[in-house]
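Some notes on the structure that comes next.
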Amino acid sequence: RVRGEIGEFQVPITATDDPATVGEVDVLVLTLKAHSVPAMAASLRPMIGASTSVLTAQNGFPWWYFYAHGGEWEGMRLESVDPGGVISENIDASRVIGCVVYPSTAIVEPGIVWHLEGTRFAIGEPDGSKSERCRRLAGSFIKAGLRCPIRTNIRHDIWVKLMGNVAYNPISALTRATLIEIVKCAETRALATAVMSEAESVAKKLGVEIGVTIEQRLEGAEKVGHHKTSMLQDIEAGKPTELEAIVGAVIELGEKLGLELPNTKSVYACVKLLEASRHH
């Protein structure tokens, strides 16, 4: 059941904890949290047939990012998002359609999702082509009342979202603050600015011009208002966070690119300890 900005509706679904019982599908929409994908990757194989597309709808830096990337980074794997290469071993990157999820939602109780705002899911091929499978998929999303632009540079969209997430997620997890509270407090606003600036430097080294200023990102966060980031929601629910995919990956990239990222490393270290302390 979904409640919120777009009204209230209920969708009957067939659920299973055994992907093998589903069999091969046309499109596998991967909405697991990023840290859950490695453990599940092998069990998803029975769902992937000869023409199955895999829509990756995770937060953070995607494991397939350097597939069909070109240049010196082609095929590079990040340990933070694909530990031991277990995802890429089980899901052929040629299956992947990238996706950036923009709606703000929260699970208020099992089976009940509160939808705060947003209906946009940007999708795109790693190689930038406007493929037939992207068109079909976008058509299905649009038919369901969602917005689904097809991007010729999905990596740009990934960085635009990641630039905000890498700052707001850990700061909110540490302070329990909502987006508007983070940007209204001068000190956390300055910290968020510093972290976003570091993320921007990583993107630039990879040849991505984000094209959205940090000030615009701060204004955007203020407009969203009293929204708790996914990382804060996970902390409050006692669940593992997407720290590695959102923050760890940026740090790993920074190390490979020879960038320091002191502010990003600081918030990462604090959330890492926060997570560890909950399990003692």
- line: Sorted by chain and number, the residues with a modelled amide H under 5 Å from that of HIS227, at a separation of 5 or more or across chains, are LEU179, ILE180
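Give the order of HIS156, HIS226 when sorted by the count of other beta carbons within 10 angstrom, beginning with the fewest. Don't skip to the answer; put the middle values down first.
Details: HIS156 18, HIS226 10.
Ascending number of Cβ neighbours within 10 Å: HIS226, HIS156.
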query: Which of ASP18, ASP234, ASP127 comes first, and how do the rest follow, when ranked by fewest Cβ neighbours within 10 Å?
result: ASP18, ASP127, ASP234
field: Surrounding net charge for GLU219, when Lys and Arg each add one and Asp and Glu each subtract one, Cβ distance under 14 Å
entry: +2
query: Which net charge results when you count Lys and Arg as +1 and Asp and Glu as -1 among the other residues whose beta-carbon is under 11 Å from that of SER36?
result: +1
- line: Amide H proximity to ARG120 below 5 Å, modelled H, separation 5+ or other chain, gives TYR102, ARG147
Electrostatic dipole magnitude of the chain [Cβ: Lys, Arg +1; Asp, Glu -1; Cα centre; debye, to 20]: 540
- request: Express the relative contact order of the chain as a whole percentage, based on alpha carbon pairs under 8 Å and six or more residues apart in sequence.
  value: 17
- line: the chain, Gaussian network, Cα under 10 Å: of PRO149, PRO126, PRO103, the residue fluctuating most is PRO103
message: Can you tell me which of ALA245, ALA269, ALA186 moves the most in a GNM of the chain? Springs connect C-alpha atoms under 10 Å apart.
response: ALA186
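Rounded, prolate or oblate for the range 2-152? Axes are the square roots of the Cα gyration tensor eigenvalues, ordered a ≥ b ≥ c, and the cut-off for rounded is a/c under 1.5.
Verdict is prolate for the range 2-152.
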query: Does the range 155-278 come out rounded, prolate or oblate by the C-alpha gyration tensor, with a ≥ b ≥ c the root eigenvalues, rounded set by a/c under 1.5 and, if not, prolate when a/b is larger than b/c and oblate if not?
result: oblate
field: Proximal lysines relative to LYS184, as straight alpha-carbon distance under 16 Å, when same-chain residues fewer than 8 apart are discounted
entry: LYS223, LYS228
statement: Ranked on Cβ counts within 10 Å of their own Cβ, fewest leading, SER172, SER53 go SER53, SER172
task: Taking amide H positions as placed in the peptide plane 1.01 Å from N, state which residues far from VAL96 in sequence (5 or more) or on other chains have amide H under 5 Å from it.
output: VAL54
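Any read-out appearing in this document is the output of simple, stated calculations on the displayed coordinates, not a laboratory observation. Quick caveat: nothing in here was measured; it's all calculated off a predicted structure. Note that we place each Cβ from the backbone using ideal geometry, even for glycine, and neighbour counts take in every protein chain shown.
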